1. Tell me the label-point distance for the pair ARG55, THR232, using the 7 Å Cα-to-Cβ offset, in nm and rounded to one decimal.
2. What is the extension gain from SER63 to LEU122, computed as 0.36 nm multiplied by their sequence separation minus the C-alpha to C-alpha distance, in nm to one decimal?
3. Arrange the peptides 47-59, 176-188, 222-234, 245-257 so that the one whose residues have, on average, the most other Cβ atoms within 10 Å appears first.
4. Could you give the distance between the Cα centres of region 185-226 and region 65-120, to the whole Å?
5. Quote the charge dipole size of region 47-185 about the Cα centre in Debye, to the nearest 20; the model charges only the Cβ of Lys and Arg (+1) and of Asp and Glu (-1).
6. How big is the dipole moment of region 145-219 about its Cα centre under a simple scheme where the beta carbon of each Lys and Arg is +1, that of each Asp and Glu is -1, and everything else is neutral? Debye, nearest 20, please.
7. Using a 7 Å offset from the Cα along the Cα-to-Cβ direction at both LEU147 and ALA46, what is the distance between the two label points in nm, to one decimal?
8. What number comes out for accessible area per residue over region 135-258 if the probe is 1.4 Å? Units Å², please.
Amino acid sequence: MRIEEQSLDRSSRQETGDGLVIQSQEVARELQTRIDRVVRGVEIAAQWRDPQSGRHHALAVLSRARAVHGLRDEIAALDEATEAYISQAQAQTDLFAQLRAAAHSIAAQRQREELQRNLRVLDATGQGVPPRWSLARLEADYDELLLRVSVRPESSGDYARDMREGLSAALAHAGFTVTSAAQYTVFARLDIEDLSPRDGWHWRNGVLEVSLRDEYGHSVGSRRWVLKEAATDPALADRRIIEAAVATLVDELGAAIFSFTE
């Protein structure tokens, strides 16, 4: 949905012959709401072409009953999927598997929430299909699970100390509990290559690799990013590649870790 606003502000000042000043102000505000949505069950009742403009027109007809039936079917399917995801989360012992199932249930209920809003508009009762689960409760349960996942940051390669500090910050930002006694270990390695200076600029290529290992040392997954930075000063170029690596971890580490467990 997009809301477009157009405002008009006009003011005038008029002075009469006896020295009286009259001021007036007009403010007009127009809101235009535009909804982009794929509507199913639409039938084209008529088509025609404007002989003057050459434009083609079509009359689309949507049956309220058919639309309501379709929305109810979609909501029922999402509720069925949510129930299955919740059962999966409860049956799993691995925290990442539980988190993955919990995330799927939240995504299904968020989609259901949008359909419910549309259904309440079309439904004669205005009630739609009341939700079986509280979305806020599902999100709170997910956050509680996330806090139970403890990780230990480790780093190697160029500027290992800087990378370890950045890795710790990125893990905390993603919602993980960072501790030295953790069941999972996240390794980050940054390798920097000095390129030949060009036109007074010092270039650095960086390869950032992150891997996740379980409590037994088994690899769960890994992800690699290629970085490139430059500066007129060699030390500043090094600093920029490190900052780029840390920013990448903060922005993408959480999603990368969860992708390892898919």
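The values are calculated or read from the model by the stated rules, or taken from the named source; none is laboratory data. This is a predicted model, so every value here is computed, not measured. All Cβ positions, glycine included, derive from the backbone under ideal geometry; neighbour counts span all protein chains shown. We work out accessible area using only protein heavy atoms, side chains counted, and drop any ligands, DNA or RNA first. Shrake-Rupley method; radii C 1.70, N 1.55, O 1.52, S 1.80 Å.
1. Distance between label points: 5.5 nm.
2. 20.2 nm
3. Details: 47-59: 8.8, 176-188: 16.5, 222-234: 14.1, 245-257: 19.2.
Top of the packing list down: 245-257, 176-188, 222-234, 47-59.
4. With region 185-226 and region 65-120 each reduced to a Cα centre, they are spaced 37 Å.
5. Numbers: 16 positive and 18 negative charges, 114 e Å.
About 540 debye.
6. 280 debye
7. Reported label-point gap for LEU147 and ALA46 is 6.3 nm.
8. Spelled out: the 1.4 Å probe surface of region 135-258, per residue, equals 53 Å².
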